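Here's the structure we're looking at; comments come further down.
The values are calculated or read from the model by the stated rules, or taken from the named source; none is laboratory data. Everything numeric in this text was worked out from a predicted model, so none of it was measured. Neighbour counts run over all protein chains shown; Cβ positions are idealised from the backbone, glycine included. Calculation scope for accessible area: heavy atoms of the full protein, side chains included, ligands and nucleic acids excluded. Shrake-Rupley method; radii C 1.70, N 1.55, O 1.52, S 1.80 Å.
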Amino acid sequence: MTFDLQSLVRNNIRDLKPYSSARSEFSGDAKVFLDANENAFGSPAGDDLNRYPDPLQTELKRQIAELKGIDPSRIFIGNGSDEAIDLLFRIFCEPGRDNAIICPPTYGMYEVSAAINDVEVVRASLTSDFQLDADAISAVFSPRSKLLFVCSPNNPTGNLMDRSSVLEIARRFNGIVVVDEAYIDFANQPSLIDRLSETPNLVVLQTFSKAWGMAGLRIGMAFASEAIVDLMNRVKPPYNVSQIAQRAAVDALRNKAWVDARVIETIAERRRLTTELRRLPFVSRVHPSDANFVLARTDDADAVYRYLVDRRIVVRNRNNVELCRGCLRITVGTVGENELLLKALREYPAAKNERTFKAEILSK
Ligand SMILES: *Cc1c(COP(=O)(O)O)cnc(C)c1O
């Protein structure tokens, strides 16, 4: 399939004359900066926060490039991956006309972002073992389909999508294939970043919100061809990543050993949680996970969910999600948190019997 990026881009974006910020017009070394109407006296918030941040996050990209073995020109940094998802809709999907393909059950933000941008979503559900269904995708694909979202490891099911199927679908699909790798650091498989050069329609999303422990900073990454990254940079708000976020991320990248150790701990706890959950009489299945959460099928997800909330433990109820009936999505916590969860769950059958017993007495 011949891939022509420019023919996929909306006309208004192709013709866009991007905003030229003071910081992008002059980024050299000067003695006096009187070009951006900042407060020259300083900031009550401290440090150098009176100055606008680097619009292209040069230092952060340099470090990410080194870590991931990719050229900085192929990196986009956003205010969370959610910003990257929204930008892809705005660049490629003509509102009220084009569509995006999603593969449910999957991350809810693709659909919300589509709705905000007035873009139709078409569904090609995963197979019963939560893999991509290439035939279902081909069946819904039309010339109006501009984006295909693949989440791997998938939220909420936790599994990786088969690498060769993703690449095969990307070869056949004449739109942009977005592979969301928010949980790839926990996975037993490398990122698809290494296939970017031979897959011009691939965008790989990663985030600092999960393994890197910086959900509060809001930093997401997109890896793609230089041409796609250029488009994203043209459409994003000029100063989309704050100075505080850029600096904190640059500092954190020097401490990858901390992250690696937490990932190892998380994987060990994931294994323990899986084993222990499988022992519970009301849990029929715990799906194998390559992420930092597990999906457990119970005989009554709503009841177990409410019982846990009463114990002040919150998990994610996925009972009403396609292919996830009875399922709770449980994030892997610290050893202590997981212990509290497991203790509560082990006491659930007795608590449930007691409640049924009380209800019977009251009804007499
Ligand atoms: C958590 C998550 C993200 C992260 O989004 P941010 O905006 O970067 O915090 C992205 N994709 C999926 C599938 C997620 O579960």
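Summary table below
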| read-out | value |
| --- | --- |
| Listed residues Lys146, Lys364 arranged by accessible area, highest first, probe 1.4 Å | Lys364, Lys146 |
| Axial C-alpha extent at least 20 Å, average Kyte-Doolittle at least -1.0 - helices from the chain (DSSP) | 256-278, 348-363 |
| Surface accessible to a 1.4 Å probe, Arg278 within the full protein complex, Å² | 130 Å² |
| Relative contact order of region 289-335, defined on C-alpha pairs under 8 angstrom at six or more residues apart (%) | 46 percent |
| Gain upon complete extension [Asn188, Arg306; 0.36 nm per residue less C-alpha separation] | 39.1 nm |
| Relative contact order for the chain, counting Cα pairs under 8 Å that sit 6 or more residues apart, in percent | 16 percent |
| Residue-by-residue Karplus 3J(HN,Hα) for region 71-77, coefficients 6.51, -1.76, 1.60, Hz, glycine and proline x | 6, x, 5, 9, 10, 10, 10 |
| Partnerless Cys - the chain, beta-carbon criterion under 4.7 Å | Cys93, Cys103, Cys151 |
| Unsatisfied cross-links (Cα-Cα over 28 Å) in the set Lys210/Lys352; Lys68/Lys236; Lys146/Lys256; Lys17/Lys256; Lys256/Lys343 | Lys210/Lys352; Lys146/Lys256; Lys17/Lys256; Lys256/Lys343 |
| Surface accessible to a 1.4 Å probe, Ser165 within the full protein complex, Å² | 40 Å² |
| Extended-chain gain in nm, criterion 0.36 nm per residue less alpha-carbon gap, Leu67 and Asp47 | 4.4 nm |
| Heavy-atom SASA rank of Trp258, Trp212 (probe 1.4 Å, accessible area, largest first) | Trp258, Trp212 |
| Over region 202-304: Kirkwood hydrodynamic radius from C-alpha pairwise inverse distances, Å | 16.9 Å |
| Accessible area in the full protein assembly, largest first, 1.4 Å probe, for Asp15, Asp290, Asp180 | Asp15, Asp290, Asp180 |
| Solvent-accessible area of Phe357 with every protein chain in place, 1.4 Å probe, in Å² to the nearest 10 | 120 Å² |
| Distance from region 85-128 to region 299-364 (C-alpha centre basis), Å | 32 Å |
